[in-house]
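Notes for the one structure printed next.
The values are calculated or read from the model by the stated rules, or taken from the named source; none is laboratory data. These figures come from a predicted structure and were not determined experimentally. Neighbour counts run over all protein chains shown; Cβ positions are idealised from the backbone, glycine included. Accessible surface is based on the protein model in full, side chains and every heavy atom, while ligands, DNA and RNA are left aside. Shrake-Rupley method; radii C 1.70, N 1.55, O 1.52, S 1.80 Å.
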Amino acid sequence: MARVSQEHLDARRRQILQGAARCFARDGFHGTSMQDVLKEVGLSAGAVYRYFTGKDDLIAAIAGEAIGGVRAAFEEAARTTPPPAPDRLIGRVTGALFSGGPFGLAPQAFAGLVVQVWSEALRNERLDSTLGEAYGALRAAWVQLVDAYRANGMFPADLPADSVARTLIATAQGFIVQLALFGDIKPEVLEEGLRGLMSMDVQRAS
């Protein structure tokens, strides 16, 4: 019997994740059964359970992959000298994330899936732990970026790095919620809004 290549295994796993994501985005986590996923991907139960133990396992994998993609984008930006300004960075990351959806979903559908993940984490300890770890890593990536901004003279030395990290993460989360609920916002809007806030004359405003 011929050995199955790693490339084939990875492609099959991707097929299952994309099919599950379509089901979850369309019918919700609690409205989707494993039978629905099997029908969507056109595979047998044995083929799917080779990769995932059940629905919770699929949800955790989707959540981890989505958050991991954002974290990787921020970490890559931190290695750029000088790093892109926060408005450009947020616009770039959200634009890449929603330019077709990591799981082949339309932007609004993927945003809705992310909001479902957040909601599910309130009752699912495993997912709460997964998101907690991912959020901590994302904050660490942003702190690294703030350090890079300081090193390039773009931020004052006394600005709390963690405060900046939390604020910009909250900005991205708000973008995702607006996109999920209304579907009428684009990454360019977020970038322009941040640029406007960053150019505000604080001394005159106070």
**Request:** Estimate the FRET efficiency between Arg126 and Glu188 by the formula 1/(1 + (r/R0)^6), using the beta-carbon distance for r and 35 Å for R0, to the nearest 0.05.
**Result:** 0.45
**Fill in**
Rounded to one decimal in nm, the spacing of the 7 Å Cα→Cβ label points at Ala47 and Arg166 is 4.8
**Complete:** Whole-Hz Karplus couplings 3J(HN,Hα) for the stretch 150-157, θ = phi - 60° and coefficients 6.51, -1.76, 1.60, Gly and Pro as x, run 4, 4, 9, x, 8, 10, x, 5
**Prompt:** Rg(Cα) of the stretch 142-206 divided by 2.2 N^0.38 Å?
**Reply:** 1.30
**Average accessible area per residue (Å²) across the stretch 63-110 - probe 1.4 Å, nucleic acids and ligands excluded** = 42
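Show that you can apply the helix-only estimate: for the chain, add -39,500 (n - 2.57) for every DSSP H stretch of four or more residues, divide by all residues, and state [θ] at 222 nm to the nearest 500. Provide the component values of the computation, followed by the final result.
On the way: 10 runs with 151 residues, N = 206.
Mean residue ellipticity at 222 nm (helix-derived): -24000 deg cm²/dmol.
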**Message:** Show me, for the stretch 68-73, the HN-Hα J-couplings you get by feeding each phi into the Karplus relation (A = 6.51, B = -1.76, C = 1.60, θ = phi - 60°), rounded to Hz, glycine and proline as x.
**Reply:** x, x, 5, 4, 4, 5
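Send over the Kirkwood Rh of the chain, from the inverse of the averaged 1/r over different Cα pairs, rounded to one decimal Å.
Details: mean 1/r = 0.0536 Å⁻¹.
About 18.7 Å, per the Kirkwood formula over Cα pairs.
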**Request:** Ignoring everything but the protein chains, give the 1.4 Å probe accessible area of Asp128 in square angstrom, nearest 10.
**Result:** 90
**Prompt:** If you stretched the chain out fully between Glu75 and Gln35, how much longer would it get, using 0.36 nm times the residue separation minus the C-alpha to C-alpha distance?
**Reply:** 10.6 nm
